[in-house]
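These notes are about the structure you will find just below.
The values are calculated or read from the model by the stated rules, or taken from the named source; none is laboratory data. Everything numeric here is computed off the predicted structure, so don't read it as measured data. Calculation scope for accessible area: heavy atoms of the full protein, side chains included, ligands and nucleic acids excluded. Shrake-Rupley method; radii C 1.70, N 1.55, O 1.52, S 1.80 Å.
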Amino acid sequence: MSPPVRPVESDGKLPEHADVVVIGGGIAGAATAWELARAGVSVVLVEKGRIGAEQSSRNWGWCRQQNRDERELPLAILALRMWETLSTDLGGDTGFRRSGLLYASNDEKDLARWEAWGRMAAGYGVDSRIVGGGQIAAMLPSAAKSWKGGVYSPTDGRAEPALVAPLMAEAAQKLGATIHQNCAAREIEFSTGRVSGVVTEAGRIRCGAVLVAGGAWAGMLLRHHGIPLIQASIQSTSFATRELPELTAGGVSMQDITIRRRLDGGYTVGLSGFGRLHVSPRGIQQMRPFWKTFVERRAKLTYSFGASFFNGPDSLQNWRADGISPFERQRVLDPVPEKRLLQRGLAGLAETFPAFVGAQIAHAWGGMVDCTPDAIPVIGPVQSHPGLFISAGHSGHGFGVGPAAGRLAAELIRGVTPSVDPKPFRYERMIDGTDLGGMGMM
């Protein structure tokens, strides 16, 4: 059920030494590896499965500033600037197009929130426009539904998730980084309190710094070393249609469903806020910090108890460096898409856009969105363990900020002045009693 992803060729023998080891080949890890390689840092990227095969290829493909939490907005602004030249910089088409993104709603609370957000974002120079129902009708003339209003950003855009992380990994390779797929990291080694290496299933790599960018699996690896990360996963369902008429060149969010135009002439369709919460030991333990987020989202969630309780990213598993790790037992996290959500998505398309009646699914997939309680990622060092860095908990919007998240992580690893203030993303907020609250703007 995995979406097709651009293949990347792995390098051969694992190097014995590198300045930095990046664990995880999604967009967060690949972007960081590329940025480090550009700066002349020797870097090894190890990925338990395939580059970009988990959530980095399973998202909607939106590249936006609009409706970002203010704490994350500077990172999103930087990312959009980077997206503008990324295809040229990487030497391959990422699919990025500044095609505009529209949110439409009949909920007065949504409209009020968007209007307040626009006033704040104007101070950052973001082009976000409140639009009325008539304007939306003009923008979507084929729509059978009407909306009270919405918010539109003509400068936001979209890209192809199946292409970007692989292109970043290949660009890093060209600059001297080595990429090793089907090569799980089993343990991080420490000497005199600081990072000294990584033990993988293919051998040991000596290094002075490690970035844990393992998506939904990051918390499991960190907890194995006694480093808590408040992180939980929600299963999402999305699908791509076969070729359809172009009703929008960009993306539209319509409360229950979203659509995004694809390079292949179809649309990626997402189910806004709908998902499945897998009951897990770690989830039960983390119920308190996630309570506000759970209350906000529970109306669109379903629940299940199954194999993931014992072998998923939020399960309780132990292993040794000389034994098989959970990351080798599950190379690619590939949840089955929910049939009821696929049916709901197709019905929503047909109801909203009569031209889409009879639309066919080209492929469908499930994803695991790793979230923090405040929906803000952790990007930065673990102060108690010198040389250890994290880029995880991107909460379903890591693809859009991915290039900038990689740059920020690389700058912090190198010890140079960061491009944006890293304070909102600090790891220590997870453990120092900071009130994480609930989700901000998503």
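Residue-normalised convex hull volume from the C-alpha trace of the chain: 127 Å³ per residue.
Against the criterion of solvent-accessible heavy-atom surface with a 1.4 angstrom probe, Arg429, Arg242, Arg320 sort, most first, into Arg320, Arg242, Arg429.
Taking 8 Å as the Cα distance limit and 6 or more residues as the minimum spacing, I'd like the relative contact order of region 146-263 as a percentage. Display every interim value, and only then the final one.
Working: 89 pairs, mean separation 19.4, N = 118.
Over region 146-263, the number comes to 16 percent.
Excluding ligands, DNA and RNA, the accessible surface per residue across the chain is 39 Å² with a 1.4 Å probe. With runs of 4+ DSSP H residues as the only contributors, calculate the mean residue ellipticity of the chain at 222 nm using -39,500 (n - 2.57) per run, divided by the residue total and rounded to the nearest 500. Theoretical 222 nm ellipticity from helices: -8500 deg cm²/dmol. In the context of the full protein assembly, Val295 retains an accessible surface of approximately 60 Å², using a probe radius of 1.4 Å and ignoring ligands and nucleic acids. Note on Ser272: accessible area approximately 10 square angstrom, rounded to 10, probe 1.4 Å, nucleic acids and ligands left out. Of all aspartates and glutamates in the structure, those lying under 20 Å Cα to Cα from Lys145, and not within fewer than 8 positions of it along the same chain, are Asp107, Glu108, Asp110, Glu246, Asp256, Glu351. Bridging of Lys174 to aspartates and glutamates at a Cα separation below 19 Å is possible for Glu9, Asp11, Asp19, Glu35, Glu47, Asp89, Asp93, once same-chain residues fewer than 8 apart are set aside. Rg of the Cα atoms in region 1-129, relative to 2.2 N^0.38 Å, amounts to 1.32. Counting only aspartates and glutamates at least 8 places from Lys423 when in the same chain, those with an alpha carbon closer than 12 Å to its own are Glu72. Rounded to the nearest 10 square angstrom, Val279 shows an accessible area of 50 square angstrom against a 1.4 Å probe.
Taking the accessible area of the chain, probe 1.4 Å, and keeping the other protein chains in place, the carbon and sulfur fraction comes to 52%.
Sorted largest first by accessible area at a 1.4 angstrom probe radius, with every protein chain in place, the residues Asp421, Asp89 fall in the order Asp421, Asp89. With all protein chains in place and ligands, DNA and RNA left out, the 1.4 Å accessible area ranks Met139, Met120 as Met139, Met120, largest first.
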